[in-house]
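The values are calculated or read from the model by the stated rules, or taken from the named source; none is laboratory data. Owing to the predicted nature of the structure, the values given are computational and were not obtained by experimental measurement. As a convention, Cβ positions derive from the backbone with ideal geometry for all residues, glycine included, and neighbour counts pool all protein chains shown.
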Amino acid sequence: MAAALGPMVGHDVPLADRTTYRVGGSAALLVSPTGIDDLVVVASALGSTSVPVLVVGRGSNLLVADAGFGVWWWCSTKDSTTS
């Protein structure tokens, strides 16, 4: 899956700096699409797996366990058609 998503994927990415509370573990994979085309690719790649996924926006009021999480789909796109 990570290979199919290419540069949109980060591995073992700390999540504390992405939340307002600044606490928590890492995401095994962090997916950061930058537009609608990327969202389609991500949805297709993740739809064929049984990997737990959490879709988040900007991380406001989000607490992340120290143990982290499997896959995060971080939607912080600059594409005005997705906001």
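Can you run down the residue pairs with Cβ atoms below 9 Å, 6 or more apart or on separate chains, where the first is in the range 45-57 and over 16 Å from GLY6 (Cβ atoms) and the partner is crowded, with 17+ Cβ neighbours inside 10 Å and of a type in the set (S, T, N, Q)? Matching pairs, first to second residue: VAL56/THR19. The set of residues in the range 39-80 being in contact with a helix residue (DSSP H, G or I) (Cβ under 6 Å, 6 or more places away or on another chain) and at pLDDT 80 or above consists of ALA45 alone.
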